[in-house]
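Notes follow the structure.
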């Protein structure tokens, strides 16, 4: 019998239950995977609390990304074989020991990348990929601000943006997290618990401000993030760690300098098989070449997922975290 962390109603971490679940055989175009490592992400909290509605109702198995081994293949899946190491980001349901899922959502893990790294990097790494290469294509000489610089996406984004030639500015909430971000590509890191990040960005950039602000924090950094942008700069809101950005009039963007604003999601950027493979390939290439170093800083047993959620929400984690079945 397989095991899964499920919620039967939305709410706090105490709503997470370690259930027995049946795993059927794969149908046409599907594969059965035995998980070896499962990624932990803030989006998992959003589904648990109900901020993001369940796509399939309740009970819901949480989690979006994992790595594992192919155990069985359904009809028509001729590009995988039993025993292959694979990883995926979506569909939701990765907090389990085994599952069946569409094979076209799986990517092969290349040599030189561990299962834990792959599980930890699929969502965070491909998020950094689309933010830096497609939402706002960062180029040499750009000024970039990223909030939550010591978080999972933040540590990847800092390294990659630095490699692309940008001046990378981050914010973090403690001296320890400031130092961690500085070790991962950031040229300047602002401790928002002590300093006004708007004033610090103006000082660092000598009043020129930034070409782009990447913001996964949400309510606590808005609308101040807009004041960090140069005219026609881009505000990219891709998360809600402190709560969602409140509604605002579109005229605010014109008042702040004809700004652009977008609320992207990874799933829109990897909707097709071609996009998924391109994003994963770019990410794994960056990891293999040492452009991006993936450090798994926390490990929890799958059965202890509630503790992992509490630590994530309490901002007691840094970098990548994985659950081990």
(message) Using the Cα atoms of the stretch 1-144, I'd like the radius of gyration and the largest Cα-Cα distance, Dmax, both in angstrom.
(response) 16.5, 55
(request) Along Cα→Cβ, 7 Å out, is where each label goes; now give me the distance between the ones at residue 72 and residue 285 in nm to one decimal. (result) 3.7 nm
(message) Once you place label points 7 Å from the Cα toward the Cβ at residue 114 and residue 254, how far apart are they in nm?
(response) 5.4 nm
(request) Report, in deg cm²/dmol and to the nearest 500, the calculated mean residue ellipticity at 222 nm for the chain, where each DSSP H run with n ≥ 4 adds -39500 (n - 2.57) and the sum is divided by the residue count. (result) -7500 deg cm²/dmol
(message) Can you tell me which of 81, 230, 209 moves the most in a GNM of the chain? Springs connect C-alpha atoms under 10 Å apart.
(response) 81
(message) How large is the direction-averaged shadow of the alpha-carbon convex hull of the chain, in nm²?
(response) 15.8 nm²
(request) Using label points projected 7 Å from each Cα along Cα→Cβ, tell me how many nm separate residue 21 and residue 58, to one decimal. (result) 1.6 nm
(message) Based on C-alpha coordinates, I'd like the Rg and Dmax of the stretch 140-263, in Å.
(response) 13.3, 39
(request) Find the all-direction average of the projected area of the Cα convex hull for the stretch 69-124, expressing the result in square nanometres with one decimal place. (result) 4.0 nm²
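Ranking request for peptides 236-246, 254-264: highest mean number of other beta-carbon atoms within 10 Å first, then the rest in descending order. Provide the component values of the computation, followed by the final result.
Working: 236-246: 17.6, 254-264: 13.8.
In descending order of packing, they fall as 236-246, 254-264.
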(message) For residue 1, project a label point 7 Å along Cα to C-beta. Then give me every residue of the stretch 7-38 with its amide nitrogen under 11 Å of that point.
(response) 19-22
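We did not get these values from a lab; they are worked out from the coordinates using the rules stated. This one's a predicted model, so the numbers in the text were calculated from it and none came from an experiment. Here Cβ is always computed from backbone atoms with ideal geometry, including for glycine, and neighbour counts include all displayed protein chains.
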